[in-house]
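These notes concern the structure reproduced below.
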Amino acid sequence: MQNILILVDVQNVYYTTRQTFAKNFNYNKFWAQVTHERHVVKAIAYAVDRGDKKQQEFQNILRAIGFDVKLKPFIQRSDGSAKGDWDVGITIDALEYCAQADVVVLVSGDGDFAILAEHLRHKRNKQVEVYGVAHLTAAALCHAADRYIPIDKELLLN
């Protein structure tokens, strides 16, 4: 049985599935698919905390599924832009926990993770699986992974 580490870039998957399908990612279906006949050593969902009730309920659903939820405060800049990037945190956790895993599953289309995927494969001898929305997942990330799984209607809420 494979040991897996699951890392989910919640903001990325939220915006890419909403933009492409006008629907939300189905974390329960994803969990059932990715964990089938596998052992989860760690599963972390990285999100931005805006402090609203609906978001807190969503975070509790993630916890009930099996995710540790890591939150970063939402920062609204004076120019109107927002900050809430988890790239460094995801990378640090991937490097910290990958020793326990055979496979690292990354849910994000962010091309910045291509370097991490390459490192995990070539320096840490880990298999890397990437889940992302097809036309919004960086080609570099798809190529850096051992396996790319496009998020499609099967992984969306009805």
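Between Leu106, Leu156, Leu120, Leu141, the distinction of being touching a Gly at 6+ places or on another chain (Cβ under 6 Å) and modelled with pLDDT of 95 or more belongs to Leu141 only.
Name the one entry in Glu129, Glu96 that is at pLDDT 95 or above, open to solvent by less than 20 Å² (accessible area, probe 1.4 Å) and either more than 15 Å from the chain's Cα centre (by Cα) or among the acidic types (Asp, Glu) (or both).
It is Glu129.
Among residues of region 130-158 that are touching a residue at least 12 places away in the same chain (Cβ under 8 Å), those with a beta-carbon under 8 Å from a residue that is of a type in the set (Lys, Arg) and in a strand (DSSP E or B) at least six positions away or on a different chain give the pairs Val130/Arg147.
Listed here are the residues, each with its yes/no results for (1) farther than 19 Å from Tyr14 by Cβ; (2) surrounded by 14 or more Cβ atoms within 10 Å (Cβ to Cβ); (3) small (Gly, Ala, Ser).
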site	(1), (2), (3)
Tyr46	no, yes, no
Arg50	no, yes, no
Ile92	yes, no, no
His122	yes, no, no
Thr137	no, yes, no
Asp146	yes, yes, no
Asp152	no, no, no
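The values are calculated or read from the model by the stated rules, or taken from the named source; none is laboratory data. Model, not experiment: these values are computed from the prediction. Cβ sites come from the backbone with ideal geometry, for glycine too, and all protein chains shown count toward neighbours. Protein only, heavy atoms only, side chains kept; ligands, DNA and RNA dropped before computing areas. Shrake-Rupley method; radii C 1.70, N 1.55, O 1.52, S 1.80 Å.
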